[in-house]
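Every read-out reported here was derived from the displayed coordinates using simple, explicitly stated rules and does not represent laboratory data. Only a predicted model underlies this, so the values are computations on that prediction, with no experimental measurement involved. Here Cβ is always computed from backbone atoms with ideal geometry, including for glycine, and neighbour counts include all displayed protein chains.
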Amino acid sequence: QVQLVESGGDLVQPGGSLRLSCLASGIGFSINAMKWYRQAPGEQRELVASIDSRDRTKYADSVKGRFTVSRAGGPNMFYLEMNNLKPEDTAVYYCFTHFFENDYWGQGTQVTISS
């Protein structure tokens, strides 16, 4: 059974940093692409960052220059490095991938930015 599990969410002060991880399991091959979404209370889920099979990355304008998406050295592990965090970054963060015509979401990890 395919599972995506996020970790690393926490409560941090504005200006702080966090690194989120997404581990995909139950897959017999390497996933080449991953997307990170977030959803704040009362808001729609939005795409934050993505990485494709050629390691090309894309970012929402709101996080450019502060967030970095990457793949780890091990298979099926991806990171979202977040720096200079702002209160408006507060949300549940999800990783997402798609293969064989199926969508897979993690359960989400809470990121709260507050002093």
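Structure above, values below:
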read-out: Over the chain, relative contact order from alpha-carbon pairs under 8 Å, at least 6 apart, %; value: 36 percent
read-out: Signed unit charges on C-beta, dipole axis of the chain, positive-most listed residue 11, 31, 115; value: 31
read-out: In order through segment 105-113: 3J(HN,Hα) via Karplus (6.51 cos²θ - 1.76 cosθ + 1.60), integer Hz, x for Gly, Pro; value: 10, x, 7, x, 9, 7, 10, 10, 10
read-out: In order through segment 35-42: 3J(HN,Hα) via Karplus (6.51 cos²θ - 1.76 cosθ + 1.60), integer Hz, x for Gly, Pro; value: 10, 10, 10, 9, 9, 8, x, x
read-out: Karplus (6.51, -1.76, 1.60) ³J(HN,Hα), θ = phi - 60°, over segment 65-79, in Hz, Gly and Pro reported as x; value: x, 10, 10, 9, 9, 8, 9, 7, x, x, x, 6, 10, 10, 10
read-out: Whole-number Å³ per residue for the convex hull built on Cα positions in segment 23-105; value: 105 Å³
